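Enquirer: Please read through the structure below; I'll follow up with questions.
Every read-out reported here was derived from the displayed coordinates using simple, explicitly stated rules and does not represent laboratory data. Note that the structure is predicted; figures quoted are calculated from it, not measured. Here the Cβ positions follow ideal geometry from the backbone for every residue, glycine too, while neighbour counts run over all protein chains shown.
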Amino acid sequence: MATSLLEQSLPEYAPIFYRLTVEQLHKMLSLGVIQDGEPIELVDGVLVQKDRRDAGGQPMSHGKRHAQAVRRLGRLSEPLHSLGYDVQTQLPVTLSEISEPEPDGAIVVADDNDDGESHPSSKDIAVLFEVSDTSLRYDRTVKKSMYAAAGIGLYCIVNLRDNVLELYKVPDTSMGECREQSTLAAGDVLGLSLGGGTSFEVPVTDLLP
């Protein structure tokens, strides 16, 4: 990646970023300053381009394996809806005043009376998924910390490099860390505890492209 002008001119200087709020982002969307559906998300007040590439892909491309994994997440919607949950893919979730990411998958509490005025918040979210190839380091660090700080009970990385699922549980909201981490491979089953005694199981191979 080319070095930016700031990095070239001031290699030891860390500039202070002006952080946007979710409200400001929504205003920009309503005014057409940012087009709805652009591959960007608000992470800790900074607009970040979403990385959906497969290894070796172009920066703005949507990798085939990445897209296939997202479709597999979407297939969970029908069986989960009967349990009172919906699955949304690559849509916003509002985690704080300055963070509104668009995870590759989210299992959220179903609300058939949704007025469409807001995106799911932390209290509505049972599980978040990120499909990771070129973004793996970012998803293991920045995304994990943001989701833990928001109190997301289970964060799952669909790791396309190693063909495994990485599970991060028991968030420490004050530290932005997860106290438990495990890995599941083909042949294992992902068991989800969705609250209220509701559970759901899905074979790991159903989620890996």
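Enquirer: I need the phi-derived Karplus couplings for the stretch 86-103: 6.51 cos²θ - 1.76 cosθ + 1.60, θ = phi - 60°, integer Hz, Gly and Pro marked x.
Expert: So the Karplus estimates, Gly and Pro as x, are 10, 10, 10, 10, 6, 10, x, 10, 9, 9, 6, 5, 10, 9, 9, x, 10, x Hz.
Enquirer: Enter the angle in degrees (range 0 to 90, nearest 10) between the Cα long axis of helix 64-74 and the first principal axis of the Cα atoms of the chain, meaning the one along which they spread out most.
Expert: 50 degrees
Enquirer: Here is a follow-up. For the stretch 5-206, with only Lys/Arg (+1) and Asp/Glu (-1) charged at the beta-carbon, what is the dipole magnitude about the Cα centre, in debye rounded to 20?
Expert: 600 debye
Enquirer: Which of the listed residues, 87, 103, 119, is farthest toward the dipole's positive end in the chain, when Lys, Arg count +1 and Asp, Glu count -1 at the beta-carbon?
Expert: Final value for the positive-end residue is 103.
Enquirer: Considering only DSSP states other than H, G, I, E and B, which GluC sites (Glu not before Pro) in the stretch 94-164 qualify as loop sites with at most 15 other Cβ atoms within 10 Å?
Expert: 97, 117
Enquirer: OK, next. State whether the stretch 121-209 is rounded, prolate or oblate according to the following rule on the C-alpha gyration tensor (a ≥ b ≥ c being the square roots of its eigenvalues): a/c under 1.5 gives rounded; otherwise a/b larger than b/c gives prolate, and the remaining case gives oblate.
Expert: Judged from the Cα gyration tensor, the stretch 121-209 comes out oblate (a/c at least 1.5, b/c at or above a/b).
Enquirer: Here is a follow-up. Around residue 164, which amide H atoms from residues at least 5 apart in sequence, or from another chain, sit under 5 Å from its own amide H, with H modelled in the peptide plane?
Expert: Close amide H contacts, sequence-distant or interchain: 159.
Enquirer: Something else: Be a star and scan the stretch 179-209 for residues whose amide nitrogen sits under 14 Å from the point 7 Å along the Cα-to-Cβ vector of residue 82.
Expert: The answer is 199-201.
Enquirer: Hey, rough spin-label estimate for residue 91 and residue 40, points 7 angstrom out along Cα→Cβ, what's it come to in nanometres?
Expert: It works out to 2.2 nm between the two label points.
Enquirer: From the gyration tensor of the Cα coordinates in the chain, what semi-axes in whole Å does the equivalent ellipsoid have, largest first, with each one equal to sqrt(5λ)?
Expert: Equivalent ellipsoid of the chain: 28, 21, 17 Å, largest first.
Enquirer: Pulled fully out, how much extra length does the chain show between residue 162 and residue 188, if you take 0.36 nm times their separation in residues and subtract their Cα-Cα distance?
Expert: The residue 162-residue 188 span can extend by a further 7.9 nm.
Enquirer: Amide H neighbours of residue 126 under 5 Å, at least 5 residues apart or on other chains, H built in the peptide plane: list them.
Expert: The answer is 107, 108, 109.
Enquirer: Exactly which trypsin sites (Lys or Arg not before Pro) in the stretch 67-164 are in a DSSP loop and have at most 11 other Cβ atoms within 10 Å?
Expert: Qualifying residues, ordered by number: 161.
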